[in-house]
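Visitor: Can you read through this structure? Questions will come right after.
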Amino acid sequence: MKKTYLSLAAIVSASFLAYSCSCTTPKKPVAEAPAPVKQEVQQQAPAAPAPVTTPEVSEEERLKEIFQRIHFNFDKYNLTHIDKWGINQDVPKVLDGIADYMAKHPNIKIKIEGNCDERGTEAYNLALGQKRADAAKNYLVMHGISPDRIETLSNGKLKPVDPAHNEYAWAKNRNDQFVIL
């Protein structure tokens, strides 16, 4: 019986071996996928941004912006920032722009006209208008502009910008106007 088991074991082993050999057929070599072809992608230069067109500003408009009126508080002639009655203006900054322009254009001469609102006497407003014009002139002279290039004049209350009789009009009328000669 021992022989039978051994024979049986040999037959089973041989059959497993034969079966496994018959099932494992050599595999065909799989062709490798072709390597991806590098394609040169030409990068286009980014399009130049469209030029920003700014509206043409005439020389007259540019000068009007530089030589804009400066404003004053009621009964004052000091050169400070104004933020009342609809006027918001950094007076020293405006005067700095005027001084810069005049420094770059040594042939420019100006007249500064000091103006007041309608309140007060004519004599008082003429004196206050002169103080306002002189304050602006002194500022420009302190910033390197020759006093020979600057005239001053007081209009008092004779040339109002706004003829209305209220705080808004009076605030606009308290100013220095710059006239290029």
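The values are calculated or read from the model by the stated rules, or taken from the named source; none is laboratory data. Bear in mind the structure is a predicted one, so any value in this text is a computation, not a measurement. Cβ coordinates were reconstructed from backbone atoms using ideal geometry, including for glycine residues, and neighbour counts include every protein chain displayed. With ligands, DNA and RNA removed, areas are computed over all heavy atoms of the protein, side chains included. Shrake-Rupley method; radii C 1.70, N 1.55, O 1.52, S 1.80 Å.
Visitor: Inside the stretch 59-156, counting only strands (runs of 3 or more DSSP E) that do not spill past its ends, which hold 1 or more residues that are at pLDDT below 95 and open to solvent by 40 Å² or more (accessible area, probe 1.4 Å)? Outline the logic, then answer.
Guide: On the way: elements: 81-84, 87-90, 110-115, 150-156.
Here the list reads 81-84, 87-90.
Visitor: Please work out which residue is nearest to the chain's Cα centre (by Cα), limiting yourself to the stretch 162-179 and to residues that are hydrophobic (A, V, I, L, M, F, W, C) and surrounded by fewer than 15 Cβ atoms within 10 Å (Cβ to Cβ).
Guide: Step by step, filter the stretch 162-179, then rank; the result is V179.
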